[in-house]
Amino acid sequence: METGQKMRGADAVIKVLAAHGVTTVFGYPGGAIMPIYDALYGHPVEHLLSRHEQGAAFAAVGYARASGKTGVCFATSGPGATNLITSLSDALLDSVPVVAITGQVSTAVIGTDAFQEIDVLGMSLSCTKHSFMVTDINELIPTLYKAFEIAASGRPGPVLVDIPKDIQIAELEYKTPLLTVNEEPEPEVSAIEAAGELLQQAKKPILYVGGGVGMAGAVDHLRQFIDKTGMPSVATLKGLGAIEHGTKGYLGMLGMHGGKAANLAVQACDLLIVVGARFDDRVTGRLATFAGNAKVLHLDIDIAEINKLRQADVAISADLRQVLPALSASLESKSLELGQWQLEVEELYREHQWDYQHPGDLIYAPAMLRRLANKLPEDSVVSCDVGQHQMWVAQHMWFRRPEDHLSSAGLGTMGFGLPAAIGAQVARPDATVVTVSGDGSFMMNVQELTTIKRRKLPVKILLIDNQKLGMVKQWQQLFFEQRYSETDLSDNPDFVLMASAFDIPGRTIHRAEEVEAALDEMLSTPGPFMLHVAIDDAFNVWPLVPPGACNSDMMDQMEKQT
Amino acid sequence: MMHSVELTLKQQPEVLERVLRVTRHRGFTITELTMTVSQDSTLKVNFDVQSERVIELLTHQLTKLFDVLDCQVITSSAAQAEAEISAMASA
């Protein structure tokens, strides 16, 4: 072991972060974490002050998702820690590597209901991949090293380290621990052979690509597999960007708000090749009828996802960066007969193109988002909130890489977009970062406008306003007899005026003819900008697979809402 | 179905909470549980669970816990489960 100088536990925390290449921490100080903030003072590891711990942790999530690195956030004990819980849950469901460090009351008073004491370790059990409470100063450094290893390895996820105040101020001698790093499992030859046989027998195979591809760093491997095999493909919300739009046979997003071609192709396939995806209910619709005639080849690093919801005919739980090339190699001497199926898929693609024609002067959000996608430079990140705008982004904006599209998929957390955009902008300072939000979601973490102001971050805010909680109201319209309970937001604030209070310029548009110039103004204005867009509120998200229905039973209609 | 599961755990203060939480959340009811501290400072936990779900849905999740060193399904019995349910109903 390397030996070093004596220091406080708090100083060791910052030193461990620096040793892991952490350059920015997102957080909010408070009583029980003051020694750690004292250690930060003047240190090269920079700290970005959020205005709510949920915002700090979402910024860490955005940082991680946009960069592929582990995001780090700090919070104090009690309310600071409880405010992290939503963001950590989000990171757990979307498999995002985050290390959260919380201050805790001193060990001597834990369990006495001390000021700002809550059982953070207990709370963390259901919303983290793993968690620790450090009660021995000698365990502090090894624990932090383990936290980083656990967060990023296997199926990534959030790890929380709760550090009592007396541990932060106790003295230790800094030693770099020797940890054994677990290698990701390699695929077994027999499993690759079995998968190859399934592929060869299939007449209508299709790739169902999830977020696991991006998290595994296997985007290029997947694209090479597709290049080689000509395999048709669809993607989940988190899988968007893994396959470039325009790739032959790629049909975009499947599921509840997926494209018709994507859903119909999956329903018609005879082999479903699941790559880093998990049969989420928003993807499958009625599970029993999802790809009902297909065999399943399931590729996922997390063995707990295998056979969880759908029995696999062949499953490989290993590193996708090894599985996909091995699968390609196993097909070297074999020929796949996909010609007829590729023609069918092409026909579905042609038949179910998106239609951006929208009569009238009002702004049609899907067409506007399509225009925005065309205008964005190559190095761009789009961070969404949750609701109708989120689905329009997924349907109508095309992404070059998964890390260019940040969307709260598993937890569906309103308030994700703005702080995640802040984290993405810090991770990729030269990128154009746009948060596309809705008038409901935006108010959930609106305090983070101050974070943009403080750091003069050039985040662009595209606020799509239909003066309602659009997705909930759509369901009330369709499934709750138009009883619009608490979904009217016609008393929204003046968003542009509010942005100006944070030194963020902006403008409001109402008419379709204003869209082009307004998007250009947003993207060309140096620094942050808010484009507030009052859209045609009559339009809902289509298509829609009703809850509990089969994915081939998509609703697709335009109705004037009352 | 009723299943008997044997776990070997790292001795951490919260390890039993982790196991119980996962077991409940994944849809399994514990009907019996014993815990002993081994000489090598690990914990042995034996418990019976019943559920309509297949036991792998639980064991895969338990195996993912970092403080679970080993997880074995000792027995699985439909008849035992029916007897348990019957006993609970008449109680």
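Only the coordinates and a few stated rules stand behind these numbers; no lab work does. Worth saying up front: this structure is predicted, and the values here are computed from it rather than measured. Ideal geometry is used to build each Cβ from the backbone, glycine not excepted, and the neighbour counts take in all protein chains shown.
Points worth noting:
- Prolate/oblate/rounded label for chain A (Cα gyration tensor, a/c 1.5): oblate
- Cα lying deepest toward the dipole's positive end in chain A, options A:Pro205, A:Tyr349, A:Pro44, charges on Cβ: A:Pro44
- Cα gyration tensor category, rounded, prolate or oblate, for the stretch A:2-176 with a/c compared to 1.5: rounded
- At an R0 of 22 angstrom, the distance between the Cβ atoms of A:Asp553 and A:Asn374 translates into a FRET efficiency of 0.10.
- Considering only A:Pro142, A:Thr451, A:Ala10, and ranking their Cα positions along the charge dipole of chain A that arises from unit charges at the beta-carbon of Lys, Arg, Asp and Glu, the one farthest toward the positive end is A:Thr451.
- For the stretch A:321-432, a simple Cβ point-charge model (Lys and Arg +1, Asp and Glu -1, everything else neutral) yields a dipole of about 320 debye relative to the Cα centre.
- Given R0 = 35 Å, the distance between the Cβ atoms of A:Glu139 and A:Phe115 translates into a calculated FRET efficiency of 0.85.
- Residue-averaged [θ]222 nm for chain A, counting only DSSP H segments that reach four residues, each worth -39500 (n - 2.57): -10000 deg cm²/dmol
- Highest average packing first - A:533-540, A:109-116, Cβ atoms within 10 Å: A:533-540, A:109-116
- The modelled label-to-label distance between B:Gln12 and B:Leu57, using points 7 Å beyond Cα along the C-beta direction, is 2.5 nm.
- 10 Å Cβ neighbours from other chains, averaged over peptide B:53-61: 3
- Inter-part distance where the stretch A:448-518 and the stretch A:228-245 are each reduced to a Cα centre, Å: 31 Å
- Compared with the direct C-alpha span, the chain from A:Asp361 to A:Glu244 gains 38.9 nm at full extension, assuming 0.36 nm per residue.
- Think of each Lys and Arg Cβ as +1 and each Asp and Glu Cβ as -1; about the Cα centre, that makes the dipole of the stretch A:106-168 roughly 340 debye.
- DSSP beta bridge pairing in chain A, given as percent antiparallel to the nearest 5: 10 percent
- Its relative contact order, with pairs defined as Cα atoms under 8 Å and 6+ residues apart, puts chain B at 45 percent.
- For the cross-link pairs A:Lys308/A:Lys334; A:Lys69/A:Lys146; A:Lys69/A:Lys238; A:Lys6/A:Lys165; A:Lys308/B:Lys64; A:Lys129/A:Lys175, the ones whose C-alpha atoms lie over 24 Å apart are A:Lys308/A:Lys334; A:Lys129/A:Lys175.
- Projecting the Cα atoms of A:Ile509, A:Ser77, A:Ala261 onto the charge dipole of the protein assembly as shown, computed from C-beta unit charges around the Cα centre, puts A:Ile509 farthest toward the positive end.
- Estimated FRET transfer efficiency (A:Val189, A:Trp475; beta-carbon r; R0 51 Å; 0.05): 0.55
- Rounded to the nearest 20, the size of the Cβ-charge dipole of chain A about its Cα centre is 320 debye, with Lys and Arg at +1 and Asp and Glu at -1.
- Across peptide A:294-303, the mean count of Cβ atoms from other chains lying within 10 Å of each residue's own Cβ comes to 1.
- Pair A:Leu287, A:Ser335: separation of 7 Å Cα→Cβ label points (nm): 4.1 nm
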